[in-house]
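*Asks:* This is the structure I want to talk about, given as structure tokens.
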Amino acid sequence: MTVSPSTVTANSRARVAVEPIRDLGNRLRANVEQVIFGKHREIELALIALLCQGHVLIEDVPGTGKTMLARAFAKSIGCTFRRIQFTPDMLPTDVTGTSIFNQQTREFEFRPGPIIAQIVLTDEINRATPKTQSALLEAMEERQVTVDGVTHAMPQPFLVLATQNPIEYEGTFPLPEAQLDRFMMRIHLGYPAPAEEAQMLQAQQRVHPIEETQQIISAADLLRAQRAIKEIYIDRLIQEYIVALVEATRRHPDVYLGASPRGSLALLKTSQAKAALRSRDFVSPDDIKELADATLAHRIILSPAARLKHVDARVIVNEIVNSVPVPGARAR
């Protein structure tokens, strides 16, 4: 007799209460959609990353709502918020903070930089030099910064919402591979449909909707949801499916460097959040398929020949998803 992983799940463990996570997600999504029109999938992807304690890179041409999306999420959550506008002349200490000598106490005092906050919007991150971009590496991965040999922990939750223009634009620097790999997801917004753009014009005729966006959840609510999502069941077969997809990116003929193990973890964690938002306490293969593009494509480095042919990493990921077999049933 064969059974699906979900059947084994229901028979072998206690169910996780997913309704609070789903309700929190629905409220957050509805609040952000009052500012960003017609981008339901992109908003859901950003929401999934937030629920997984992951950082988000929002990439597209200027004027498509990248900064507004980040601000709408920040205003919807009751967290400390800082915005960093990256420029070519910015220094790493402008991000992390620095030690200032106090004439009265005759001691050095640490003055925290804007990165030390719960939600940080790094606007046009690829306009800063690689040296300044690297100031974010420790903060994003270890959730701490080290200044003058002293380590300072980040508050919880800690989330970086970064925006960038395409690297072909003048005055931009490509993000280092190590920097890209620390983003759980990369999201492309794209232009709105004509009807949605007309709706946007009407909504902004008198006042921008972002000015009226209200906080609807607290930091404690978000932390509880983040902890609960880790309990969503993911079957061993599904885990092997994730590994197979990531391994396929490393063997593709057009790929010079495939997705890292951090990509596997990102795909696992985001699939748990997506399942919870779909009122399920277990992960299905469809969750993995829908999230592979957003979690893996930006981690792939194409070969020189593929770049000359203008091959898109997202196309490669979709090819892999269509070619790698989905795990089937197994005997109990």
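The values are calculated or read from the model by the stated rules, or taken from the named source; none is laboratory data. No experiment lies behind these values; they were computed from the predicted model shown. All Cβ positions, even for glycine, are placed from backbone atoms using ideal geometry, and neighbour counts span all protein chains on display.
*Asks:* If you scan the range 289-303, which residues turn out to be of a type in the set (Val, Ile, Thr) and either part of a helix (DSSP H, G or I) or surrounded by fewer than 21 Cβ atoms within 10 Å (Cβ to Cβ) (or both)?
*Replies:* Within the range 289-303, Thr295, Ile301 qualify.
*Asks:* Within the range 118-135, take every residue that is hydrophobic (A, V, I, L, M, F, W, C) and more than 15 Å from Gln156 (Cβ to Cβ) and give me the one that is surrounded by the fewest Cβ atoms within 10 Å (Cβ to Cβ).
*Replies:* Ala135
*Asks:* So which of Ala10, Ala30, Ala49, Ala17 ends up being surrounded by fewer than 18 Cβ atoms within 10 Å (Cβ to Cβ) and modelled with pLDDT of 90 or more?
*Replies:* Going through Ala10, Ala30, Ala49, Ala17 in turn, just one is surrounded by fewer than 18 Cβ atoms within 10 Å (Cβ to Cβ) and modelled with pLDDT of 90 or more: Ala30.
*Asks:* Which numbered condition trips up Ile115, out of (1) in a strand (DSSP E or B); (2) among the hydrophobic types (A, V, I, L, M, F, W, C); (3) under 21 Å from Ile77 (Cα atoms)?
*Replies:* Exception for Ile115: condition (1).
*Asks:* Return the only residue of Val321, Val315, Val326, Val283 being touching a Lys or Arg at 6+ places or on another chain (Cβ under 6 Å) and hydrophobic (A, V, I, L, M, F, W, C).
*Replies:* Val321 is the lone residue from the list that is touching a Lys or Arg at 6+ places or on another chain (Cβ under 6 Å) and hydrophobic (A, V, I, L, M, F, W, C).
*Asks:* Mind listing just one residue for me: the one in the range 250-285 that is within 19 Å of the chain's Cα centre (by Cα) and polar (S, T, N, Q) and, of those, nearest to Val16 (Cα to Cα)?
*Replies:* Across the range 250-285, the extreme among qualifying residues is Gln272.
*Asks:* Filter the strands (runs of 3 or more DSSP E) completely within the range 143-235 down to those with at least 1 residues that are hydroxyl-bearing (Ser, Thr, Tyr).
*Replies:* In the range 143-235, the matching strands (runs of 3 or more DSSP E) lie at 144-147, 150-153, 159-164.
*Asks:* To continue, here is another question. Against the definition (surrounded by fewer than 19 Cβ atoms within 10 Å (Cβ to Cβ) and over 23 Å from Ile125 (Cβ atoms)), how does Ala198 come out, yes or no?
*Replies:* Taking the combined requirement at face value, the residue satisfies it.
*Asks:* Could you give every pair whose Cβ atoms fall below 7 Å, whose first residue belongs to the range 136-164 and is loosely packed, with under 13 Cβ neighbours inside 10 Å, and whose second residue is among the acidic types (Asp, Glu) and at pLDDT below 90, counting only separations of at least 6 or pairs across chains?
*Replies:* From the range 136-164, the pairs are Thr146/Glu138.
*Asks:* From the list Val321, Val315, which one is more than 30 Å from Arg15 (Cβ to Cβ) and outside the structural domain of Thr163 (by TED's automatic domain parsing)?
*Replies:* After applying the criteria, what remains is Val315.
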